Structures are given as structure tokens and as C-alpha cells.
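Have a look at the structure below before the remarks.
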Amino acid sequence: MRKKFVVGCFDDEKVLFPAVKNVRRAGYKIHDVYTPFPVHGLDHAMGLRETSLHTVGFIFGLTGTSIAIGGMGWIFTTDWPLNIGGKPHFPLPAFIPITFELTVLLSAISMVYTFCWLCKMMPGVKKHHFHPRATDDLFVMVIECTAKTNETEVQSFLQNNGAIEINVQEAEDGWWFGRYDKEQKLYRTEEVGY
């Protein structure tokens with residue numbers, strides 16, 4: 001689904017912070033803010049909730065621990081019990097290295113995949129770039145136009161808050177599969193009468 005966005009570019013993070021707060025206070029919907037480097041406190045200024053990566057890491061770490069202890073316990077007590085020098089069938093201290101490794105492995109892999117899913121950065125996924133200098137030296141604020149949004153009013157609002165460049169773009173909302181090296185052409189069929 002294609003949506004309209006008002007894109008405002010800022011050249012300094014000291015101008016960007018008050019602008020983000022003013023845009024939120026005015027009731028406009030911020031789609032995202034793209035910066036060339038991580039800006040401390042911008043997520044709080046945008047009103048974003050805390051990330052869920054640590055929760056996912058904990059859940060999958062606990063899953064790795066359970067799989068390791070449960071798997072080795074089942075193998076050594078039920079599936080293939082061996083009497084090795086009179087040692088017990090469930091030697092928990094001997095299971096610690098493998099349990100630790102599987103816990104760390106599942107936790108790390110799950111956090112990487114969750115991060116890629118949340119940021120929509122999987123291989124083959126294509127997102128619209130609102131400004132080519134967003135990863136270079138500009139701070140780009142993208143405001144989504146809803147049914148109540150007046151584009152000219154938002155443009156003047158951004159200009160009054162220090163934006164150096166403002167434009168309106170129509171883009172695909174979300175992400176889609178495609179390639180950046182091949183430009184997608186939209187063909188439309190027209191009926192030609194002779």
C-alpha cells in the first residue's frame with residue numbers, strides 16, 4: 001500500500017531533538033528518523049518503547065538450557081545408559097560446558113534474527129530510502145500523512161523547526177522483496193484504438 005510522507009532533513013542533532021519533540025507535541029505521526037550515527041536519547045524523544053531483544057535472548061537462552069540438559073539427561077538415563085566407572089547416569093557438572101554453549105548459541109542466533117526481523121533487514125528485503133544522505137551527514141525525519149494531515153502545514157511546521165530541506169514523497173509502506181541494483185519499472189497497459 002502506497003502512502004504519502006513528508007520528509008524533513010536536518011543538519012545538526014541539536015536542531016533535530018527539539019524538532020522531534022515539537023512534532024510529537026503537535027500530534028503528527030513520526031514514521032521514523034534516520035541518522036548517520038546512533039543518537040543517544042532519540043528513541044525516548046520519539047516515544048518508542050524499549051526493545052524486546054533482551055526478552056527474546058532470555059527466552060531462547062532458557063530454551064537452549066532446557067534442550068541441553070533435557071537432551072543429555074534423556075540420552076544418558078533412558079536412551080543409552082552407560083555405566084562408566086560407577087559414575088551416576090545424570091552427572092550434572094559434566095553437562096555444564098555443553099549447556100553453556102547451547103544457551104549462548106540459541107540466545108545469540110535468536111537475537112540476530114529478531115533484530116533483522118524488527119528492522120526489516122533480511123536478505124532480499126527492500127525498503128524505500130527517503131534521502132540518499134541519510135547515512136552520510138543528514139538527519140532525516142519522516143512524517144506519515146494520515147487522513148487528517150495537511151501536507152503544506154507540516155512542511156511549514158518543519159521549516160519553522162529548523163529543517164533545511166523538505167519534500168513530499170509517495171512510497172510503499174513497509175518492506176517488500178526486490179533488489180536495489182535493478183530498478184523496478186512499473187508498466188501500465190493502455191488500449192490503443194486504430
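Against the test of being at pLDDT 90 or above and closer than 30 Å to Asn150 by Cβ, the options Val7, Val39 yield a single qualifying residue, Val7. Determine the pairs where a residue that is exposed (fewer than 14 other Cβ atoms within 10 Å of the Cβ), located within the range 154-169, has a partner that is of a type in the set (S, T, N, Q) and not in a helix (DSSP H, G or I) with Cβ atoms under 8 Å apart, the partner being 6 or more residues away or on another chain. Between residues of the range 154-169 that are exposed (fewer than 14 other Cβ atoms within 10 Å of the Cβ) and residues that are of a type in the set (S, T, N, Q) and not in a helix (DSSP H, G or I), there is no close pair. I want to confirm something. Restricting to the range 54-93 and keeping residues that are under 39 Å from the mean Cα position of the chain (by Cα) and small (Gly, Ala, Ser), which single residue is nearest to Ser110 (Cα to Cα)? Looking at residues that are under 39 Å from the mean Cα position of the chain (by Cα) and small (Gly, Ala, Ser), I get Gly57. Scoring Cys116 on the criteria (1) over 30 Å from Ile30 (Cα atoms); (2) surrounded by 13 or more Cβ atoms within 10 Å (Cβ to Cβ); (3) free of Cβ contacts under 8 Å to residues at least 40 places away in the same chain leaves a single failure, condition (1). Of the residues screened, Thr135 is one that is within 21 Å of the chain's Cα centre (by Cα), closer than 17 Å to Asp11 by Cα and polar (S, T, N, Q). Residue count for the range 138-157, restricted to those that are part of a loop (DSSP other than H, G, I, E, B) and among the charged types (D, E, K, R): 1.
Of all residues in the range 41-55, those that are without any contact (Cβ under 8 Å) to a residue 40 or more places away in the chain have Cβ atoms under 9 Å from Cβ atoms of residues that are surrounded by fewer than 11 Cβ atoms within 10 Å (Cβ to Cβ), 6 or more apart or on another chain, in Asp43/Arg49; Asp43/Glu50.
The values are calculated or read from the model by the stated rules, or taken from the named source; none is laboratory data. Note that the structure is predicted; figures quoted are calculated from it, not measured. Reconstructed Cβ throughout: ideal geometry from the backbone, glycine too, with neighbour counts over all protein chains shown.
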